[in-house]
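Following: one structure in structure tokens, then a few remarks.
The values are calculated or read from the model by the stated rules, or taken from the named source; none is laboratory data. If you're wondering where the values come from, they're calculated on a predicted model, not measured in any experiment. Positions of Cβ are generated from backbone atoms using ideal geometry, with glycine treated the same way; all protein chains shown enter the neighbour counts.
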Amino acid sequence: MSIPESTTDTDLIKYIVQRGGRYFLLDILLGVVTPIGFLAGVFSFVYAWTDESISWALFGLLSLVSAVVCMRLHRVVAAESRRRVMPTIASVKELPARSFVLYLRSFTFDDELAKASRRGRWVFIGRLLGFGDRHENLKTEEQGLFQLFGTLGNFVAVGHPDEPYPHLGAQRLYLPKEGWRPEVGALMRRARAVVFMAGIGPSESAEGTVWEFSEAVRTLPPSRVILLVRTARESYDGFREAITAEFSRRRRQDGLVAPRKLKLPDFPPTQCAGHAPLRGAIRFGEDWAPEFVGFTPAAEPGLAPRLRWGTAVRGQLRNLVAQLEERLPETVNQPEARWSRALAACVIVVASSAFSAYLMLQSPNAPGLEKTLNVLLVTLPAIGVLRGVISGELFLRIYDVKVTPTGRK
């Protein structure tokens, strides 16, 4: 279901409630219950320490365990709630030429890229202590790609025909199972840029993905194509071999000959133990000569390897997107964030936190340590809420990016 540009905030709220249903209500409920459980647990341990009460300690332990369970459940419910309200593109006619970036990948990547970062599992602990926000920590990897490549135009992907709801990230356009190749070929020619995820699944024939890449080589200039390398070595090597086999097949079938310089580089050496979100990207020069741009976390701040990888990918991929923008002929009009709703939310949160802190400080019999802890437990979550509101507004403005043609070549 697509949402018209003229939709008002009231109509949007009705759409979210109707589409989200019980998941939307459960999302709100768990979002409230989880931090309350943490607060109740911490307060109970404070009272258990001051009053030397075992019952307060047991109640605090039960509250903390319940909050952790609710937090884990909330991650699943929040993702499902958001998938149900994600708008889709009803027709190719809704996409003006050169106004969007087409994201093509194997469907086997969708479930993996739909996972939120591991730190998101402790999002409410982050909000409780003031160093995290709900929006940023629940963001999936595909939403991270949307936030970067969406600055070039509407980030669009062809959705799996059998999925009940679209994944979070790129806006989905659904095509029939049969006869989809002409439609995808037309989309590639109309797109401002085409982003591929290089790799194939272990049980996948790779026929669709490698055909799309060979068609991009046939019909597009190399400046409009980029390959992202995220997979394991076996998946990437399988993609390279399948590309070679596809060009051989198409040479026999329709005379398509691969450019002489088109030879995908070797898989980059592993620089980080365990999971790494993206290894690098491949861009193409004249005559399709590939250049591998690796994401190196060595110079990035952060104690944990995962944090350094995340910082490296965001920063270095942002630079790559900026360089891609310079090679494209159109001009992007970046919208300003709509701060009215964020400002209203900030005023409400600050006022309620200040009032709560004032009431706590007025307790004449409470020890000084308890007063200080009470104030911190109220004000620090407010910081996380404010950060979430601000980052959410910055994320939503990407939906308003407009592309206009210029005379630049």
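Please indicate, with yes or no, whether at least one residue in the stretch 240-256 is more than 25 Å from residue 156 (Cβ to Cβ), surrounded by fewer than 21 Cβ atoms within 10 Å (Cβ to Cβ), modelled with pLDDT of 80 or more and of a type in the set (Val, Ile, Thr).
Yes - at least one qualifying residue is present in the stretch 240-256.
Could you please tell me which pairs satisfy a Cβ distance under 9 Å, a separation of 6+ or placement on different chains, a first residue in the stretch 329-343 that is assigned to a loop (DSSP other than H, G, I, E, B) and modelled with pLDDT under 65, and a second residue that is of a type in the set (A, V, I, L, M, F, W, C) and surrounded by 13 or more Cβ atoms within 10 Å (Cβ to Cβ)?
337/390; 337/394; 337/396
Taking residue 142 as meeting all but one of (1) in contact with a helix residue (DSSP H, G or I) (Cβ under 6 Å, 6 or more places away or on another chain); (2) in contact (Cβ under 8 Å) with a residue 60 or more places away in the chain; (3) surrounded by 18 or more Cβ atoms within 10 Å (Cβ to Cβ), write down the number of the exception.
(2)
Look through 178, 183, 212 and report the one residue that is out of contact with any Leu (no Cβ under 7 Å at 6 or more places or on another chain) and either among the charged types (D, E, K, R) or crowded, with 19+ Cβ neighbours inside 10 Å (or both).
None of the others qualify; the one that does is 178.
In the stretch 217-239, which residues are touching a residue at least 40 places away in the same chain (Cβ under 8 Å) and in a helix (DSSP H, G or I)?
Answer for the stretch 217-239, where residues must be touching a residue at least 40 places away in the same chain (Cβ under 8 Å) and in a helix (DSSP H, G or I): 217, 222, 223, 224, 239.
Please pick out the residue among 75, 19, 98, 83 that is outside any helix (DSSP H, G or I), basic (Lys, Arg) and either modelled with pLDDT of 80 or more or closer than 30 Å to residue 195 by Cβ (or both).
98
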